[in-house]
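**Q** What follows is a structure written as structure tokens; I'll ask about it next.
The values are calculated or read from the model by the stated rules, or taken from the named source; none is laboratory data. Everything numeric in this text was worked out from a predicted model, so none of it was measured. Note that we place each Cβ from the backbone using ideal geometry, even for glycine, and neighbour counts take in every protein chain shown.
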Amino acid sequence: MNKTSQQDLKRDPELGSPASSDVTTSRRLLSIDALRGFDMLLIAGGGTFLVLLKGKTGIAALDWIANQLTHPEWNGFTFYDFIFPLFLFIAGVSLTFSLNKGRSLGLSKFTLYRKTFIRMLILILLGILYKNAPIPFFEPDQIRLGSVLGRIGLATFVSTLLFLNLDFTKRLITGLVILLLYYGALYLIPVPGFGAGDLSIEGNLVGWFDRTFLPGRLLQGNYDELGLLTQIPALCLTIFGTLAGEILGKAWLDNRKIKYLSLAGVIGIAVGLLWSLHFPINKHLWTSSFILLTAGMAFLFLMLFYLVIDVWKIRKWAFFFQVIGLNSLTIYFAYSFINFNYTSSKLFSGLYAPLPEDWHPVFQAFGAFLLVWVFLYILYRLKIFVKV
């Protein structure tokens, strides 16, 4: 464990103190890169071969894992629902260290605002490119505006504004108030033709808002899960991520950091599950119960990665994920614009040709997965890291 003198601990401000004086640790944490890599692997489709294994092995555990890597149709929760919220949370963790580094270099608030705002605009444009390529320029009503990257950009920009102006406690309260207001809006604001409090696919406020105010193509037809209104609760995950980043950056003994991260995780999960008794867990609507459940899980995952990698120093296994985490934007676009499945088939189909034909897609997807990692490893060795 890291050793901190009793004098340093006494000087360390409490969590409610201004963010400008909180973070004293600037070293890069391998656990954050590894956790980002683990998450990005699944976002980009790295678990496809596991899904394709469903029903082929007769092993119940593998079938259960395959089911966990698909989304429920409406209400409910699977592990795959956790993947994107985890990335939003990690974005907040990383943002804490990035902003404090900028301030240590003497950058003004305005400069940091401008950098994050420009980054948001770039991510929005890249998101539109990713979701629509080839972009139907002459059919604007077919362009989908909602995107994963756009959501990340907006969440990090809002979180930047809050982090640079509010302390730990005020950011926590802000996030919780947003979730309460979102809860109230979905239950109290009437939707034309359906009334208030209708959380069905057809009658919910989120879908009506997208159909009314979001131009272009909606992914699900009558709503888009990455549309306008769901941006509001989603950004709370990044706000909560800045809280976790602030805890990690403290000049505290590691067991104290782990205690706070664990406590936050348990409370988030418990409150989220309790809230779900009235406000169902639903990723399509990004319900407040869903946000708290996934935020709690994210705190616990961060705690485990930090404990194993940065405290216990058990690191060799993490290198596989670190290679991915350092080039997360690259893998996201690579899976879309490079046909790794085609290359996998060209290179490896001769090896699995004798096997039953329904197994071929499994090995093709696994080969593509290996090719992606080798591609990222080459970039890692060449010290090429694509960032916005």
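**Q** Based on what the data block shows, is Gln231 polar (S, T, N, Q) and farther than 21 Å from Phe89 by Cα?
**A** Spelling it out, it is not the case that Gln231 is polar (S, T, N, Q) and farther than 21 Å from Phe89 by Cα.
**Q** Residue under question is Gly216, and the condition is that it be modelled with pLDDT under 95, in contact with a Pro (Cβ under 7 Å, 6 or more places away or on another chain) and not in a helix (DSSP H, G or I); does it hold?
**A** Criteria met by Gly216.
**Q** Give the residue, chosen from Leu293, Leu253, that is farther than 30 Å from Asn132 by Cβ and more than 16 Å from the chain's Cα centre (by Cα).
**A** Just one listed residue meets the conditions, Leu253.
Listed here are the residues, each with its yes/no results for (1) at pLDDT below 95; (2) within 15 Å of Tyr332 (Cβ to Cβ); (3) crowded, with 17+ Cβ neighbours inside 10 Å; (4) charged (D, E, K, R).
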| residue | (1), (2), (3), (4) |
| --- | --- |
| Phe117 | no, no, no, no |
| Ala133 | yes, yes, no, no |
| Pro136 | yes, no, no, no |
| Ser147 | yes, yes, yes, no |
| Thr156 | no, no, yes, no |
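**Q** On the given criteria, is Phe194 of a type in the set (A, V, I, L, M, F, W, C), more than 25 Å from Gly272 (Cβ to Cβ) and surrounded by 15 or more Cβ atoms within 10 Å (Cβ to Cβ)?
**A** The answer is yes for Phe194.
**Q** Looking at Ile314, Ile331, Ile338, which one is without any contact (Cβ under 8 Å) to a residue 60 or more places away in the chain and more than 30 Å from Val266 (Cβ to Cβ)?
**A** Ile338
**Q** A follow-up question, please. Got at least one residue in segment 310-318 being touching a helix residue (DSSP H, G or I) at 6+ places or on another chain (Cβ under 6 Å) and acidic (Asp, Glu)?
**A** Yes, that holds for at least one residue.
**Q** Looking only at residues that are more than 21 Å from Ile124 (Cβ to Cβ) and part of a helix (DSSP H, G or I) in segment 320-330, which one is nearest to the chain's Cα centre (by Cα)?
**A** Applying the filter and picking the extreme gives Gly325.
**Q** Shifting gears a bit: Between Gly175, Gly150, which is among the small types (Gly, Ala, Ser), touching a Cys at 6+ places or on another chain (Cβ under 7 Å) and in contact (Cβ under 8 Å) with a residue 60 or more places away in the chain?
**A** Of Gly175, Gly150, the one residue that is among the small types (Gly, Ala, Ser), touching a Cys at 6+ places or on another chain (Cβ under 7 Å) and in contact (Cβ under 8 Å) with a residue 60 or more places away in the chain is Gly175.
**Q** Here is a further query. Return the pairs, sorted by first residue and then second, in which the second residue is of a type in the set (Lys, Arg), the first residue lies in segment 69-92 and is within 18 Å of Pro280 (Cβ to Cβ), the beta carbons are less than 6 Å apart, and the residues are 6+ apart or on different chains.
**A** Filtered contacts from segment 69-92: Asp81/Lys283.
**Q** Let me confirm something: among Phe385, Phe363, Phe348, Phe333, which residue is of a type in the set (A, V, I, L, M, F, W, C), assigned to a helix (DSSP H, G or I), under 25 Å from the mean Cα position of the chain (by Cα) and on the phi < 0 side of the Ramachandran plot?
**A** Within the list Phe385, Phe363, Phe348, Phe333, the selection yields Phe333.
**Q** Return the pairs, sorted by first residue and then second, in which the second residue is modelled with pLDDT under 90 and exposed (fewer than 11 other Cβ atoms within 10 Å of the Cβ), the first residue lies in segment 133-144 and is more than 19 Å from Asn222 (Cα to Cα), the beta carbons are less than 8 Å apart, and the residues are 6+ apart or on different chains.
**A** Pairs found: Ala133/Phe337.
**Q** Which one is farthest from Ser200 (Cα to Cα) among residues in segment 260-304 that are among the aromatic types (Phe, Trp, Tyr) and buried (at least 23 other Cβ atoms within 10 Å of the Cβ)?
**A** Phe299
**Q** May I ask you to verify whether Glu246 is acidic (Asp, Glu), surrounded by 15 or more Cβ atoms within 10 Å (Cβ to Cβ), touching a Phe, Trp or Tyr at 6+ places or on another chain (Cβ under 8 Å) and closer than 25 Å to Phe79 by Cβ?
**A** In short, no.
**Q** Taking only segment 331-380 into account, find how many residues are among the β-branched types (Val, Ile, Thr), surrounded by 19 or more Cβ atoms within 10 Å (Cβ to Cβ) and over 19 Å from Asp39 (Cα atoms).
**A** 1
**Q** Tell me which residues, restricted to segment 203-242, are of a type in the set (Phe, Trp, Tyr) and in contact (Cβ under 8 Å) with a residue 24 or more places away in the chain.
**A** Tyr223, Phe240
**Q** Quick one: would you say Asp33 is surrounded by 15 or more Cβ atoms within 10 Å (Cβ to Cβ), closer than 22 Å to Thr294 by Cα, among the charged types (D, E, K, R) and at pLDDT 70 or above?
**A** So Asp33 fits the description; yes.
**Q** Further, regarding this structure: Which residue pairs have Cβ atoms closer than 7 Å, lie 6 or more positions apart in sequence or on different chains, and pair a first residue in segment 253-271 that is under 12 Å from Leu304 (Cα atoms) with a second residue that is small (Gly, Ala, Ser) and surrounded by 15 or more Cβ atoms within 10 Å (Cβ to Cβ)?
**A** Leu261/Ala244; Gly265/Gly296
**Q** Working carefully through the options Gly58, Gly46, find the one that is surrounded by 20 or more Cβ atoms within 10 Å (Cβ to Cβ), at pLDDT below 90 and assigned to a loop (DSSP other than H, G, I, E, B).
**A** It is Gly46.
**Q** While we're looking at this one, here's another question. Hey, does segment 234-245 have a residue that's out of contact with any Leu (no Cβ under 6 Å at 6 or more places or on another chain) and outside any helix (DSSP H, G or I)?
**A** no
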